[in-house]
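In what follows, a single structure is set out as structure tokens and then discussed.
The values are calculated or read from the model by the stated rules, or taken from the named source; none is laboratory data. Just so we're clear, the structure is a prediction, and the values are computed from it rather than from any experiment. Virtual Cβ from ideal backbone geometry, glycine too; neighbours counted across all protein chains shown. The protein model used for the area step is the full one, side chains on, heavy atoms only, and it has no ligands, DNA or RNA in it. Shrake-Rupley method; radii C 1.70, N 1.55, O 1.52, S 1.80 Å.
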Amino acid sequence: MYPNIQNEFAMAFGDEFVANKIGAFDLVGFCVHADIQPRLVRDDYYL
């Protein structure tokens with residue numbers, strides 16, 4: 001649809017669209033908006 005845009009995600013985590021650039025702040029923001037405890041993703045993402 002948009003040949004000049006290359007993203008790994010359809011929606012961003014925080015301001016990041018590239019998986020290896022997602023940081024703790026982005027994941028905690030996701031957890032707040034999704035109403036889940038950050039400890040649920042902590043072990044998988046080394047927060």
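When Asp44, Asp26 are compared by accessible surface with a 1.4 Å probe, the order from highest to lowest is Asp44, Asp26. Taking Lys and Arg as +1 and Asp and Glu as -1, the other residues whose beta-carbon sits under 14 Å from that of Pro38 total -2. Surface calculation, 1.4 Å probe, protein heavy atoms: Ile36 sits at approximately 60 Å² accessible. Electrostatic bookkeeping for Phe25 treats Lys and Arg as +1 and Asp and Glu as -1; over the other residues with beta carbon under 11 Å from its beta carbon, the sum is -3.
Projecting label points 7 angstrom from Cα along Cα→Cβ for Ile36 and Val18 puts them 2.5 nm apart.
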